[in-house]
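Peer 1: Quick one: this structure, given as structure tokens, is what I'll be asking you about.
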Amino acid sequence: MALWGTIVNAAAIIVGGLLGLVLHRMSEGIRTTVLQGIGLALLVLGVSMALKSTDFLLVVASLVVGGIAGELMQVERGLERLGGQLERGVHMLSGLWPKKVDTPPSSSEIASKQEKKVQGRIAVGFVNTTLIYCVGAMTILGALDGGLRGQHDILYTKAMLDGFLSIIFASTLGVGVLFSAIPVFLYQGMIALAASGITELIEQTLLNEIITQLTAVGGILIMGLGLNLLEIRKINVANLLPSLLVAALAVPFVHWVATW
């Protein structure tokens, strides 16, 4: 089932958010240790995926060309600007609400203000966590893997990461974190369904080779995410995302050249 990994991922966000609302606070030591464990797991997963390909030259070429394209398009900076604009928009909307009154407020006015504060908090939690969960290599790679091969290991790993992050975010940002499961499900679901439709347009042998190269390149990107979580070195993973498209297009191109 192409959507199973996406369903698990969305459910993990909801469960983690509910736990965060109950637990309220979590020690910094627990957060650091668990994130480090997930980072190490991502490195192992990335290595196992990268070794699927025997055409190392194609993998390197895809990363080089895709990395250059990503840097020229400034993918990561664009995503960061988008997140900043959304966050500023939420704060701007919340700033429109009155903060002072000249006369003592009535009980209905107090209740209305409290409701607006809650709504603002929900918006901030929803926007911020949606960006975090939807922007990343694992989102695209996991949905593609689920749609093309019916394999959900990447999204299972992402579900664990997102679920834990939901506990942390919900304990500080509130119930808005739970609503971010909706865009995550829609976004990843559309990618998975689109990928599953590709299988009917390409012959199986060529499709298997495309999947192998996408898995290898994607594994290297996942290793970059692991390094980021471990804070060993900042890897601009988003700028390397075009490498996936390059790898997918390179396989039929090489096949065409070889048979020409």
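The values are calculated or read from the model by the stated rules, or taken from the named source; none is laboratory data. Here the structure is a predicted model, which means the values were calculated and not measured. With ideal geometry, Cβ positions are generated from the backbone for all residues, glycine too; neighbour counts draw on all protein chains shown. These area figures cover heavy atoms from the full protein model, side chains too; ligands, DNA and RNA do not enter into them. Shrake-Rupley method; radii C 1.70, N 1.55, O 1.52, S 1.80 Å.
Peer 1: Would you please name the trypsin sites (Lys or Arg not before Pro) within the stretch 151-260 that are DSSP coil residues with at most 10 other C-beta atoms within 10 Å of their C-beta?
Peer 2: 233, 234
Peer 1: Rank-order 47-53, 240-246, 216-222, 147-153 by packing density, defined as the average count of other C-beta atoms within 10 Å over each peptide's residues, highest first.
Peer 2: Top of the packing list down: 216-222, 240-246, 147-153, 47-53.
Peer 1: Between residue 205 and residue 1, with labels modelled 7 Å along Cα→Cβ, what's the label distance in nm to one decimal, could you check?
Peer 2: The two pseudo-label positions are separated by 3.5 nm.
Peer 1: Not counting ligands, DNA or RNA, and with a 1.4 Å probe, what is residue 28's accessible surface area in Å² rounded to the nearest 10?
Peer 2: Accessible area of residue 28: about 120 Å².
Peer 1: Same structure again: Could you state, as a whole-number percent, how many of the C-alpha pairs of the stretch 165-260 are farther apart than 22 Å?
Peer 2: 52
Peer 1: Roughly speaking, to the nearest percent, how much of the stretch 176-260's 1.4 Å accessible area is carbon and sulfur?
Peer 2: Carbon and sulfur together cover 71 percent of it.
Peer 1: Follow-up. Could you work out what % of the accessible surface of the stretch 1-72 is carbon and sulfur, using a 1.4 angstrom probe and leaving DNA, RNA and ligands out of the count?
Peer 2: It is 77 percent, rounded to a whole number.
Peer 1: How much length is gained if the chain between residue 60 and residue 194 is pulled fully straight, taking 0.36 nm per residue apart and subtracting their Cα-Cα distance, in nm to one decimal?
Peer 2: This chain segment gains 45.6 nm when fully extended.
Peer 1: Right, something else. What distance in nm lies between label points placed 7 Å from Cα along the C-beta direction at residue 232 and residue 77?
Peer 2: Spacing of the two 7 Å Cα→Cβ label points: 2.8 nm.
Peer 1: So, taking all protein chains as they sit and a 1.4 Å probe, how much accessible area belongs to residue 169, in Å² rounded to tens?
Peer 2: Number for this one is 40 Å².
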